[in-house]
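The structure under discussion appears below in the form of structure tokens.
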């Protein structure tokens with residue numbers, strides 16, 4: 001049975017993992033695919049490439065992904081995608097799939113460094129809605145991001161999507177093997193919010209926003225501000241379409 005591999009080791013935010021797996025089961029993947037939670041040891045030691053239909057890195061802290069996986073595990077992920085595999089990076093996973101990151105420059109949470117996967121050949125810069133708002137394990141940087149969809153799918157063009165500390169993909173318009181799938185419509189110059197990158201025979205989709213976060217699940221957690229929840233709830237139908245469109249680019253659904 002082919003598998004969707006979800007990285008859940010250090011760095012993967014528990015809330016992000018819960019949202020992702022629930023939404024995959026409720027909205028996303030064919031029942032013939034098995035969702036498997038994986039860690040650094042699995043990626044380093046097991047033979048996983050042939051059974052993986054897709055590997056997903058959720059939101060959390062990219063720096064811990066880097067510390068755990070640099071070297072051989074990253075080389076295997078990169079080779080897997082180069083040879084026809086698929087990668088989905090959401091928020092921290094989006095940062096992680098870029099050649100370099102600049103996060104909260106000049107502020108206490110600053111991370112400025114290169115990354116090994118380099119599916120997007122440029123810079124992931126965040127937080128996209130401005131620095132010194134985001135806090136780990138908190139909602140101070142949360143936002144209902146107004147996203148403009150650029151994909152060829154019809155029936156929707158804009159949607160409010162949950163955002164909390166994610167990036168923009170700098171100069172994506174001029175980046176090699178990169179297609180912009182969505183832009184931040186409410187940020188000056190409408191930078192790239194979601195990109196698709198051709199990587200050898202495979203592909204990677206990287207997102208600065210959280211299309212896997214459903215309004216109903218966020219409401220049940222009672223941690224997000226009511227005004228944000230209201231905007232997300234109004235866009236829920238379009239969020240589902242957007243997330244499904246991303247998965248269709250990566251999975252046989």
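The values are calculated or read from the model by the stated rules, or taken from the named source; none is laboratory data. Since we're looking at a predicted model, the values are computed, not measured. Cβ coordinates were reconstructed from backbone atoms using ideal geometry, including for glycine residues, and neighbour counts include every protein chain displayed.
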Scanning the range 55-92 for residues that are out of contact with any helix residue (DSSP H, G or I) (no Cβ under 8 Å at 6 or more places or on another chain) and within 23 Å of residue 164 (Cβ to Cβ), which turns out surrounded by the most Cβ atoms within 10 Å (Cβ to Cβ)? 63
For residue 106, are the conditions met, namely being in contact (Cβ under 8 Å) with a residue 60 or more places away in the chain and either part of a helix (DSSP H, G or I) or over 14 Å from residue 8 (Cα atoms) (or both)? no
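Yes/no matrix, rows are residues, columns are (1) in a strand (DSSP E or B); (2) modelled with pLDDT under 95:
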{"residue": "168", "(1), (2)": "yes, no"}
{"residue": "173", "(1), (2)": "no, no"}
{"residue": "182", "(1), (2)": "yes, no"}
{"residue": "189", "(1), (2)": "no, no"}
{"residue": "205", "(1), (2)": "yes, no"}
{"residue": "223", "(1), (2)": "no, yes"}
{"residue": "239", "(1), (2)": "no, yes"}
Go over the candidates 72, 86 one by one and state the one that is under 15 Å from residue 206 (Cβ atoms) and at pLDDT 95 or above. 86
Quick check: anything in the range 27-37 within 17 Å of the chain's Cα centre (by Cα), touching a residue at least 12 places away in the same chain (Cβ under 8 Å), surrounded by 16 or more Cβ atoms within 10 Å (Cβ to Cβ) and part of a loop (DSSP other than H, G, I, E, B)? yes
Residues that are touching a residue at least 12 places away in the same chain (Cβ under 8 Å) and assigned to a helix (DSSP H, G or I), drawn from the range 43-66: 43, 44, 49, 51, 62, 63, 64, 65, 66
